[in-house]
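In what follows, a structure is listed as structure tokens, so that the remarks can point back to it.
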Amino acid sequence: MSLSQLPFSQSCENNKAPILAVLKQSFKATRRVLEVGSGTGQHAVFFAAHLPHLTWCPSDQPQFIAPLEKRIALQGGDNIAPPVSLDVSASWPLAQGEVDSIFSANTLHIMSEAMVADFFRGVEHHLSDNGSLCVYGPFNYNNQYTSESNRQFDIWLKHRNIHSGIRDIEWIMELADTAGLSLQADHAMPANNRLLHFSR
């Protein structure tokens, strides 16, 4: 399979540079970061290449691993680890405290509420002391959409899967607090998205 035949996300191409600008600060002391929901792998290979001081560890559900492995083989550098199969609602394939940062983009609105809660329980168990968590995507504030495009996107998400939907920032903050995380920054990003940086 050639590079042109691999799954491709235009949104990843559009947002990778703005996200990287934040991660350069948020992950400047990071040694090993786990990406939950690596998808096409475009973020993984781009961020690893531009953050050479750390090891980037991609992961996703089993059905997405094969094309992810192929992109990494074609474009990955020395500081990107082989992708691992990870279901947020099952046992995570890493030791407690093995990673000192966790990153996830455009996943929490795809997951069910139960899976989002499981995600934060996994972060609580596996993130090292003084570690960081960065999550990217759309969020609601005070139970309100931040834009008409986000409202339309939420309708589309729920039509596709009734359990999906844009999450309220207040609920995310509660889950983070229960996991022992505090919000360090809430960055405005292009296309009505946010990048939330939590730390222990």
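The values are calculated or read from the model by the stated rules, or taken from the named source; none is laboratory data. Everything quoted here is computed from the prediction, not taken from an experiment. Positions of Cβ are backbone-derived with ideal geometry, glycine not excepted, and every protein chain shown enters the neighbour counts. When the accessible area is computed, the model is the full protein with side chains, heavy atoms only, and any ligands, DNA or RNA have been set aside. Shrake-Rupley method; radii C 1.70, N 1.55, O 1.52, S 1.80 Å.
Listed values, structure above:
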{"read-out": "Within-13-Å neighbourhood charge of Leu23 [Cβ basis; K, R +1; D, E -1]", "value": "+2"}
{"read-out": "The stretch 1-110: relative contact order as a whole-number percent, Cα under 8 Å and 6+ apart", "value": "30"}
{"read-out": "Simple spin-label estimate for Glu69 and Arg160 in nanometres, 7 Å along Cα-Cβ", "value": "2.6"}
{"read-out": "Cα-centred dipole magnitude for the stretch 86-200, charges only on beta-carbon of K, R (+1) and D, E (-1), debye, nearest 20", "value": "360"}
{"read-out": "Net charge over other residues, Cβ less than 10 angstrom from the Cβ of Tyr141 (K, R count +1; D, E count -1)", "value": "-2"}
{"read-out": "Part-to-part distance (alpha-carbon centres) for the stretch 39-65 and the stretch 123-146, which is given in Å", "value": "19"}
{"read-out": "Largest to smallest accessible area among His50, His197 [probe 1.4 Å]", "value": "His50, His197"}
{"read-out": "Most to least accessible of His163, His126 (protein chains only, probe 1.4 Å)", "value": "His163, His126"}
{"read-out": "Karplus 3J(HN,Hα) series, Hz, for the stretch 52-66 with 6.51 cos²θ - 1.76 cosθ + 1.60 (x for Gly, Pro)", "value": "x, 7, 10, 9, 9, 10, x, 7, 5, 5, x, 5, 9, 6, 4"}
{"read-out": "Which of Val116, Ile102, Gly76, positive extreme of dipole for the stretch 1-122 (C-beta unit charges)", "value": "Gly76"}
{"read-out": "Residue-level accessible surface for Phe139, protein heavy atoms, 1.4 Å, Å²", "value": "10"}
{"read-out": "Within the chain: Cβ-based charge dipole about Cα centre, in debye rounded to nearest 20 (Lys, Arg +1; Asp, Glu -1)", "value": "480"}
{"read-out": "Charge-dipole axis of the chain as Lys and Arg at +1 and Asp and Glu at -1 on Cβ define it, positive-most pick from Gln152, Leu86, His126", "value": "Gln152"}
{"read-out": "Formal net charge of residues neighbouring Ser38 (Cβ-Cβ distance under 12 Å; K, R +1; D, E -1)", "value": "-2"}
{"read-out": "Structure-derived mean projected area of the Cα convex hull in nm²: which label, when the choices are [x] 11.9; [y] 15.7; [z] 10.4", "value": "[z]"}
{"read-out": "Relative contact order of the chain, pairs being alpha-carbon contacts under 8 Å that are 6 or more residues apart, as %", "value": "18"}
{"read-out": "Shape box of the stretch 122-170 [Cα atoms, principal axes, largest first, Å]", "value": "39, 22, 15"}
{"read-out": "Arg167 long-range amide H proximity, modeled H, under 5 Å", "value": "Asn140"}
